[in-house]
Amino acid sequence: MSVRSFNLSNFQSFDDDGAGINTVKRINIVIGPNNSGKSKLLRASTCLAVTKSNLLSDNSHNFRLTAKFTLDTEIDQIYTRVVYSGGLPGNTHWDGFGKYIENIEIVADLSKGSFSIEEVDFSTPYDWVRQHFQPAERILRGKSDFIRSRVKSANWYYVAAERDIQPEIPLPSLTIGPNGVGVTGAITSVLNDHDKDSDLVEKHLLDDINEIAHPEYHYDRITVQKLEDDKWEIYLHDSKHGRVALSQCGSGIKTILHIASLFNIIIESQGSQVSNSLIVLEEIENSLHPRTQRSLLDYIDKKVGNDSVCIIATHSSTCLDYFQGRDDVSFTRIFQDEGITKSHEISAFVDRTGVLDALGVKASDALNSNCVIWVEGPSDRIYLKHLIDLLSDDELHEGQHYSVMFYRGKLLSHLTADDPQMVSELISLLKINRNSAILIDSDRKKHGGWVNETKRRIKNEAQETGAYVWTSQGREIENYFKPEFWASHMTVTQSEVGPYDQVFEAVKRKKPDGKTINTKVELARWATNHISVGDIALDGEARSKEVIKFIRASNYM
């Protein structure tokens with residue numbers, strides 16, 4: 001049995017509709033700005049575990065956490081071979097009902113440690129099964145305690161964004177808190193108590209730390225020593241620095257030690273992989289070099305078993321790119337709309353068509369940017385950036401206020417801006433980032449010419465999502481500069497470079513300033529060194545100002 005989704009509502013910035021993870025997978029990446037509600041959602045997710053969570057504040061008694069689960073192998077224990085009647089057909093509940101249904105979906109309220117079934121979906125083609133929905137649902141609800149013991153993870157582990165490892169007095173039980181309290185005590189107990197296996201620290205933990213920290217660090221030993229105040233301190237030994245107190249080390253190595261201790265000491269009874277557990281990790285990238293981040297993510301990826309759920313809240317481009325394109329990974333954006341926390345599933349980064357890979361689009365660029373502008377190719381980016389610079393007085397900067405991405409011509413037919421739930425095998429291009437715009441060459445060959453079906457579809461779908469769409473008034477972006485400009489610098493006539501002519505074809509292999517133009521990119525780089533506001537043609541100035549307004553709004557400027 002496994003959780004399929006969960007949603008938090010009626011809690012601080014979460015309204016009645018709430019927000020959550022719509023598709024829970026083995027690894028779940030949650031992104032969003034600071035103070036958007038990520039941490040609150042992660043804390044609420046610990047209600048999915050059997051052990052009681054106290055990570056929500058005391059004044060959160062009105063919150064609701066609902067989750068959708070599927071029942072699979074548990075069906076034969078609910079509709080059994082030894083129970084008869086109860087309003088169901090057949091000799092036994094199993095013969096007459098249970099064996100015909102698979103993956104029943106139930107929605108349960110998990111608020112405040114309770115478990116109550118709210119909805120049941122018997123998805124089955126058999127009409128006679130649906131006819132017996134009421135008795136079947138009654139039997140299912142009567143098994144709520146049995147279901148609860150199986151839908152909830154047996155264990156949960158939380159690593160908070162604010163964490164540290166300090167000297168401390170060991171506790172009788174091995175526990176590690178979200179903020180790192182207990183790591184020193186756990187390592188001290190394992191090394192000193194006669195009934196503990198010291199290999200957990202001296203071999204397994206040490207090997208894991210070196211695996212993650214390589215090549216920056218390599219430690220020979222981990223030891224502990226009692227201080228004057230009866231607290232114990234952890235020491236790391238290496239050939240270069242000798243013995244170094246952990247309290248004198250940076251926060252990066254403390255994060256590595258925290259997570260490795262969680263897997264090696266607290267979960268040692270579960271073998272090399274975490275089994276039937278919920279692992280919540282918050283901004284684990286803090287103070288870690290990107291190479292070390294990748295090593296840590298690889299370590300976590302190997303440790304988390306297929307029957308567990310790991311939720312990672314992150315701002316890290318390394319984390320987003322590491323998990324991009326994986327079928328066992330979900331991406332969720334958390335954001336606020338007029339002070340209300342909302343969530344949106346980003347399906348494009350796990351889409352099996354591979355179009356994003358073909359486009360060279362990185363999850364970090366698309367998801368973390370305040371505004372994404374999609375253009376057909378590199379030359380369009382050069383012209384657009386120049387127009388934005390000219391008309392915004394250099395106020396807006398690429399990489400800070402907006403990012404430009406490419407969809408490259410014919411691949412546009414593989415892209416869509418429609419609702420991802422309504423599209424099969426097409427990428428929800430403009431819903432990757434809710435602040436998206438797209439520049440489309442009309443390819444018109446004359447005034448009032450026809451724009452092809454794919455480009456019309458993209459425009460219509462994008463307008464429904466709130467994205468900004470700019471379809472060129474002339475043929476291509478080069479036509480946004482007056483024929484007089486091209487004619488004055490190239491040996492061409494104005495009639496050759498009109499609004500519906502292919503400017504590049506007319507000027508290629510020309511030698512303005514003595515250098516031959518061989519590609520569209522070379523032309524764009526040359527042209528933008530000469531183009532002024534007075535050279536802009538058609539509706540280029542008006543449309544550029546609309547893009548600037550869109551970028552400013554996306555950046556709350």
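The values are calculated or read from the model by the stated rules, or taken from the named source; none is laboratory data. Because the structure is a prediction, the values reported are computed rather than measured. Cβ sites come from the backbone with ideal geometry, for glycine too, and all protein chains shown count toward neighbours. Surface areas here come from the heavy atoms of the whole protein model, side chains and all, with no ligands, DNA or RNA. Shrake-Rupley method; radii C 1.70, N 1.55, O 1.52, S 1.80 Å.
Worth pointing out:
- Where residue 223 falls short, out of the listed (1) over 30 Å from residue 43 (Cβ atoms); (2) crowded, with 19+ Cβ neighbours inside 10 Å: (2)
- Strands (runs of 3 or more DSSP E) completely within the range 213-266 that count 1 or more residues being touching a Pro at 6+ places or on another chain (Cβ under 6 Å): 232-238
- The set of residues from the range 334-345 being within 10 Å of the chain's Cα centre (by Cα) and crowded, with 22+ Cβ neighbours inside 10 Å comprises just one member, 334.
- Residue 518 being free of Cβ contacts under 8 Å to residues at least 12 places away in the same chain and either assigned to a loop (DSSP other than H, G, I, E, B) or surrounded by 15 or more Cβ atoms within 10 Å (Cβ to Cβ) (or both): yes
- Condition broken by residue 485, with the remaining ones in (1) touching a strand residue (DSSP E or B) at 6+ places or on another chain (Cβ under 8 Å); (2) open to solvent by less than 50 Å² (accessible area, probe 1.4 Å) satisfied: (1)
- Of everything listed in (1) more than 37 Å from the chain's Cα centre (by Cα); (2) open to solvent by 70 Å² or more (accessible area, probe 1.4 Å); (3) of a type in the set (Lys, Arg), the single unmet condition for residue 196 is (2).
- For the range 1-19, a residue qualifies if it is of a type in the set (S, T, N, Q) and assigned to a strand (DSSP E or B), and the qualifying residues are 2, 5, 7, 9.
- Comparison of 451, 492, 469 shows that the only residue that is in a strand (DSSP E or B), open to solvent by 10 Å² or more (accessible area, probe 1.4 Å) and of a type outside the set (S, T, N, Q) is 469.
- Here is the figure for the range 148-185: residues that are over 23 Å from residue 280 (Cα atoms) and modelled with pLDDT under 85 total 1.
- Subset tally (residues that are without any contact (Cβ under 8 Å) to a residue 24 or more places away in the chain and under 24 Å from residue 434 (Cβ atoms)) for the range 521-552: 1
- Residue in the range 271-288 that is in a helix (DSSP H, G or I) and within 25 Å of residue 188 (Cα to Cα) present: no
- A search for C-beta distances below 8 Å between a residue of the range 244-263 that is under 15 Å from residue 181 (Cα atoms) and charged (D, E, K, R) and any residue that is open to solvent by less than 10 Å² (accessible area, probe 1.4 Å) and assigned to a loop (DSSP other than H, G, I, E, B), counting only pairs 6+ apart in sequence or on different chains, returns 254/165; 254/180.
- Of residues in the range 435-448 being of a type in the set (D, E, K, R) and farther than 16 Å from residue 407 by Cβ, the one least open to solvent (accessible area, probe 1.4 Å): 444
- Filter pass, residue 456 being outside any loop (DSSP other than H, G, I, E, B) and open to solvent by 20 Å² or more (accessible area, probe 1.4 Å): yes
- Candidates 500, 556: the one that is closer than 21 Å to residue 441 by Cβ, among the hydroxyl-bearing types (Ser, Thr, Tyr) and outside any helix (DSSP H, G or I) is 500.
- Unmet criterion (only one of (1) over 21 Å from residue 295 (Cα atoms); (2) over 32 Å from the mean Cα position of the chain (by Cα); (3) not hydrophobic (A, V, I, L, M, F, W, C)) for residue 220: (1)
- Of the residues making up the range 488-496, not a single one is under 11 Å from residue 537 (Cβ atoms) and touching a residue at least 12 places away in the same chain (Cβ under 8 Å).
- Members of the range 167-199 that are within 14 Å of residue 259 (Cα to Cα) and assigned to a helix (DSSP H, G or I): 183, 184, 186, 187
- For the range 168-190, taking the residues that are touching a residue at least 24 places away in the same chain (Cβ under 8 Å) and farther than 16 Å from residue 226 by Cα, the one that is nearest to the chain's Cα centre (by Cα) is identified as 178.
- Residue 339 vs. criteria of a type outside the set (Lys, Arg) and on the phi > 0 side of the Ramachandran plot: yes
- Within the range 1-23, residues that are crowded, with 23+ Cβ neighbours inside 10 Å have Cβ atoms under 6 Å from residues that are modelled with pLDDT of 90 or more and in a loop (DSSP other than H, G, I, E, B) in these pairs: 8/18, counting only partners at least 6 apart in sequence or on another chain.
- Cβ-Cβ distances below 8 Å connect the following pairs, each with a first residue in the range 29-50 that is open to solvent by 40 Å² or more (accessible area, probe 1.4 Å), a second residue that is of a type in the set (D, E, K, R) and outside any helix (DSSP H, G or I), and a separation of six or more residues or different chains: 39/282; 50/152.
- The number of residues in the range 216-243 being without any contact (Cβ under 8 Å) to a residue 12 or more places away in the chain and in contact with a helix residue (DSSP H, G or I) (Cβ under 9 Å, 6 or more places away or on another chain) comes to 1.
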